[in-house]
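Worksheet: one structure, shown below.
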Amino acid sequence: MIQKFKDFFFSILSIFNQKKHIKLGIYGPPNGGKTTLANRICQDWLGEAMGEASSIAHETREIQQKEKVQVESNGKKLSFNLIDTPGIATKIDYEDFIKKGMKKKEAQGRAKEATKGVIEAIKWLDNMDAVLVVLDSTKNPYDQVNITIIGNLAARDIPVLILGNKTDLKRSNLKKIEAAFPQYPVLGVSAEYGDNIEDFYKEIFKLVK
């Protein structure tokens, strides 16, 4: 009887510790709006930004983390560490940065850092309790990068919420994302303007329950 009680106690303690230190990762291809979403969350609940967003791909090239982000919804509170990751890409070519106005040396350095960031982001998947996949809802979701991201998450059996970002744009098409990845819930948001952000916070509670 005593042993059973100990086993029960430690199982409850284990669950409590897991919930107390939830790691919520933000993943997706470059320029989908990951950092914009991270900034939205951090501004709403911490009063400060996560990092700098840019129209040039791979602005985020290192893992960024904000600890003890506490979200409230429907009278409930949830605390987690928010991790913003570099954009996942299957190919990074420094010449793409030159086309954006960078000089060759700077472009090569950025490509090298971005490649390292992608590798690091994939490694960090092993530490995630749940993941938000941010996709540009104006683009075709049937993309090799998206399939690679989802495949890595499925292999690890990590809870996933797919966010179809940029719903404020006319070309936004959530139905394509839903058709591409029917195994996961899909929610449309505009991270830039805060559209549907309250529903998003509610979904986070479902994601990490």
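Every number here is computed from the coordinates shown, using simple stated rules; none is lab data. The model shown is predicted, which means the values in this text are computed figures rather than measured ones. Note that each Cβ is placed from the backbone with ideal geometry, even for glycine, and that neighbours are counted across all protein chains shown.
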Q) Under a 5 Å amide H to amide H cut-off, with H placed in plane at 1.01 Å, what residues pair with Ala130 once short-range neighbours are removed? A) Lys23, Gly25
**Q.** Karplus (6.51, -1.76, 1.60) ³J(HN,Hα), θ = phi - 60°, over the range 105-114, in Hz, Gly and Pro reported as x
**A.** 5, 5, 5, 5, x, 5, 5, 5, 5, 5
**Q.** Length released on extending from Ile63 to Lys116, taking residue separation times 0.36 nm less the Cα-Cα span
**A.** 18.0 nm
Q) Count of lysine pairs in the range 71-161 with Cα atoms under 22 Å apart, counting only pairs 8 or more residues apart in sequence or on different chains? A) 21
**Q.** Cut-off 18 Å (backbone N to label point 7 Å along Cα→Cβ of Lys206), residues of the range 151-189
**A.** 158-165, 174-189
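Run through the range 81-168 and list the trypsin sites (Lys or Arg not before Pro) located in a DSSP loop whose Cβ has at most 15 other Cβ atoms within 10 Å. Mind dumping the intermediate values first?
Numbers: sites: Lys91, Lys99, Lys100, Lys103, Lys104, Lys105, Arg110, Lys112, Lys116, Lys123, Lys139, Arg156, Lys166; in loops: Lys91, Lys99, Lys100, Lys103, Lys139, Lys166.
Sites meeting the loop and neighbour criteria: Lys91, Lys99, Lys100, Lys103.
Using the Kirkwood radius over Cα pairs, work out the Stokes-Einstein diffusion coefficient for the range 22-207 at 4 °C and 1.567 mPa s, in µm²/s as a whole number. Provide the component values of the computation, followed by the final result.
On the way: Rh = 16.6 Å.
Result for D is 78 µm²/s.
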Q | Largest to smallest principal axis extent of the C-alpha atoms in the range 112-209, angstrom | A | 34, 33, 25
Q.
Explain nothing, just compute: Karplus ³J(HN,Hα) = 6.51 cos²θ - 1.76 cosθ + 1.60, θ = phi - 60°, for every residue of the range 145-150 in order, whole Hz, x for Gly and Pro.
A. 5, 4, 5, 5, 4, 4
Q.
Taking a virtual spin label 7 Å from the Cα of Arg156 along the C-beta vector, which residues in the range 114-129 bring their backbone nitrogen under 15 Å of it?
A. 117-129
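Work out the length of the dipole vector of the range 22-207 about its Cα centre, built from +1 on the beta-carbon of each Lys and Arg and -1 on the beta-carbon of each Asp and Glu, and round it to the nearest 20 debye. Could the numbers behind the result be given before it?
Details: 27 positive and 26 negative charges, 88 e Å.
It comes to approximately 420 debye.
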